[in-house]
Amino acid sequence: MKFSWKNLLLWSLPIIVISFFLWQGIFAPTVNENNTNLTNSRMTYGRFLEYIEMGWVKKVDIYDNGHTAVIEAIGPEIGNRMQKIRVELPASAPELITKLKKNHIDLNAYPTKNNTALWSLLGNLFFPLLLVTSLALLFRRSNNATGGPGQAMSFGKSKALFQVEAKTGIIFDDVAGIDEAKEEFEEIVTFLKKPEYFTAVGAKIPKGVLLVGPPGTGKTLLAKAIAGEANVPFFSISGSEFVEMFVGVGASRVRDLFKKAKENAPCIIFIDEIDAVGRQRGTGIGGGNDEREQTLNQLLTEMDGFEGNTGIIVIAATNRADILDAALLRPGRFDRQVNVDIPDFKGRLDILNVHAKNKKIDNNVSLSIIARRTPGFSGADLANLLNEAAILTARERKNQITLKEIDKAIDRIIAGMEGTALIDSKSKRLIAYHEIGHAIVGTLLRNHENVQKVTLIPRGQARGLTWFTPSEDQSLISRSQIKARIMGALGGRAAEEIVFGESEITTGASNDLQQVTSMARQMVTRFGMSTIGPMSLENEDSNPFLGRGMGNTNEYSDEIAIKVDSQIKLIVDECHNKTRDIIKNNRVIIDKLVDILIEKETIDGNEFANIIKQYTTIQHKI
Ligand code: ADP
Ligand code: MG
Ligand code: ZN
């Protein structure tokens, strides 16, 4: 096609129109105020209202003339950590302000900047103008080159959206606590360094390795370590970067990536979050996603297109292998699967040792005590923990990290920022009874974890907290242990009821009740621990992405559904009654403990146990 201004006009008119709408719809809400870009997490307005009801919202900032809110919240769906989340607000939301006021939530509204007519006109014109200019350039280029208009339109090619690191600088010693995965990978380093060992005896070198594990367990780190150990370049891209607005862009990026990699072999290609492209085809709302399928097909073609001995090894990471397309897992593609799990005690200790190396830590601090206190922490959590402790140390102008800072950092990571305690008042007393309720029920039940600390110092959303010593082995939990946990969780509410009366009970127990219900429900529907019998009626999360069955998960009859509900109620009622009995029978010591707690604000586990021992009436655990 010859370059002519007529041609250019023909092409650019529709693009100007389209891009105007794109700009309005996609970019305009975010350009005005940078702060709204702070977060990628989003939440629907309805969910946001529920979060307010549950008391999980801490702070609300309103932008864009009331169109967008950035909230700080903590809740079970967002990992029980304080997070910033973006919420699009509907055009009229009259109930919102009253709701926020009622729940005493911090509210700030920010004025929209750059809002003069001229600026917005310029802003609106900027994007189309940019497009027209670049289009003109593209036309010129395609005119000079041999190619036709098809080449001029290749959007994907101009953007190199993968990262290349010539040297990652990470070695196997930087990775700890996941020894099995590491061993598997040490072999792969040998493939890269000495492929002839394997090809000489006719062995095929694996092309693809799939790393499966929860976030923060060191998957990216491990992939980088292979590149570092083998001294080869590291090409990385995230699955979500493949999935673009224009069909075909993702596929062309895959092609680019493999082309560059082949030029630089031997090397590692790392595809993070492969589930974003590699999900089973033909699933999802509305049938499927053409773009994703094209990208996936391209990926499969590329992986089939090179021989194992070209020295390219593709490593992909995901936190769920079960939703991946079966074609990805066939021999010759990602035929090796390596699981990376949340570390156990020894793993945590090893990881702490790695990250403690470059930090000044007091000699009295034993890393094994930290490892004991942190079951369920991932490698990233542990790294974060030591870093937080170092920051706290620096803030206090100390030159060595002591146990005090580490304890603070653990508490902060688990439960959020510390607030200041209430002054003595009726509600402080009520919170004290609530917490002592949890603590005493937990202490008196044989199958319950021991109390580590009870405190009235608020943290995150909680106004008081009872910490229990986490037990290491969380994999097999007995029926009586779950029941003990249900009773422990009901202890707070039961104490409110008995001490202050039914009419004075508060919303403070809502989180507890949620846990109680969820545990009771799982006893019935997942663990076969009710009279319905050993049946699995629900899966852990059967529809992570509303794929396949489109959210229709309950595969049992209405008749069973009624039984499920009544069994759940039966369990909760039984536990509730027993919990109330424990509170009633121990009223004297509860009153005593509450007085101490109000005075001292924190009672630690040993002290708590000693006080209980003084009252000889309680000798046996129930
Ligand atoms: P993933 O990719 O599995 O989500 P990353 O590899 O990105 O996790 O881990 C993030 C950070 O956490 C790493 O850079 C490292 O500092 C730390 N980390 C995670 N796992 C480990 C581990 N097994 N050993 C040492 N450090 C780890
Ligand atoms: Mg990662
Ligand atoms: Zn509670």
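Nothing in this text is a laboratory measurement; each read-out follows from the coordinates by a stated rule. No experiment lies behind these values; they were computed from the predicted model shown. Reconstructed Cβ throughout: ideal geometry from the backbone, glycine too, with neighbour counts over all protein chains shown.
Considering the dipole of segment 425-618 built from charges on the beta carbon (Lys and Arg +1, Asp and Glu -1) around the Cα centre, which of Met529, Ile562, Phe608 is farthest to its positive end?
Phe608
Run down the lysines and flag those whose C-alpha is under 17 Å from the C-alpha of Lys592, throwing out any fewer than 8 positions away in its chain.
Output for Lys592: Lys426, Lys428, Lys453, Lys584, Lys600, Lys613.
Could you list the trypsin sites (Lys or Arg not before Pro) in segment 466-533 that lie in coil according to DSSP, counting only those with at most 15 other Cβ atoms within 10 Å of their Cβ?
Values: sites: Arg479, Lys483, Arg485, Arg493, Arg521, Arg526; in loops: Arg526.
Loop-located and lightly packed - Arg526.
Using amide H atoms built 1.01 Å from N in the peptide plane, name the residues 5+ places from Asp335, or on other chains, whose amide H lies under 5 Å from its own.
Lys207, Gly208
Can you give me the long-range amide H partners of Ile312? Hydrogens built in the peptide plane at 1.01 Å from N, cutoff under 5 Å, separation of 5 or more residues or another chain.
Cys267
Which one of Gln280, Val254, Val314 has its Cα pushed farthest toward the positive end of the charge dipole of segment 161-339, where Lys and Arg give +1 and Asp and Glu give -1 at the Cβ?
Looking along the dipole axis, the top candidate is Val254.
Quick one: what are the phi-derived ³J(HN,Hα) couplings along segment 374-390, Karplus 6.51/-1.76/1.60 with θ = phi - 60°, whole Hz, x for glycine and proline?
10, x, x, 6, 8, x, 5, 4, 5, 4, 4, 4, 5, 5, 4, 4, 5
Nearest 20 debye, what's the magnitude of the dipole of segment 159-240 about its Cα centre given +1 on Lys and Arg Cβ and -1 on Asp and Glu Cβ? Intermediate values should be presented prior to the final figure.
On the way: 9 positive and 11 negative charges, 99 e Å.
Taking the Cα centre of segment 159-240 as origin, the dipole is about 480 debye.
Would you mind calculating the relative contact order of segment 161-339 from Cα pairs under 8 angstrom and at least 6 residues apart, reporting the percent as a whole number? Can you show the working numbers first?
Values: 327 pairs, mean separation 59.7, N = 179.
Relative contact order for segment 161-339 comes out at 33 percent.
What does the charge dipole of segment 161-339 about its Cα centre add up to, to the nearest 20 debye, if the Cβ of each Lys and Arg holds +1 and the Cβ of each Asp and Glu holds -1?
Details: 20 positive and 27 negative charges, 74 e Å.
With Lys and Arg at +1 and Asp and Glu at -1, about 360 debye.
Of Ile323, Val212, Tyr197, which is farthest on the positive side of the dipole of segment 161-339, counting Cα position, with +1 on Lys and Arg Cβ, -1 on Asp and Glu Cβ, and the Cα centre as origin?
Tyr197
Taking Cα pairs under 8 Å and at least six residues apart, what relative contact order does segment 42-109 come out at, in percent?
Details: 104 pairs, mean separation 24.9, N = 68.
Answer for segment 42-109 is 37 percent.
Which residues' amide hydrogens lie under 5 Å from the amide hydrogen of Gly419, considering only partners 5 or more residues apart or on another chain, with H built in the peptide plane?
Arg459, Gly460
In debye, nearest 20: dipole of segment 42-109 around its Cα centre with unit charges on the Cβ of K, R (+) and D, E (-)?
Working: 10 positive and 9 negative charges, 31 e Å.
Taking the Cα centre of segment 42-109 as origin, the dipole is about 140 debye.
Could you grab the relative contact order for segment 441-509? Cα pairs under 8 Å, six or more apart, rounded to a whole percent.
Numbers: 66 pairs, mean separation 18.7, N = 69.
Dividing the mean separation by the residue count of segment 441-509 yields 27 percent.
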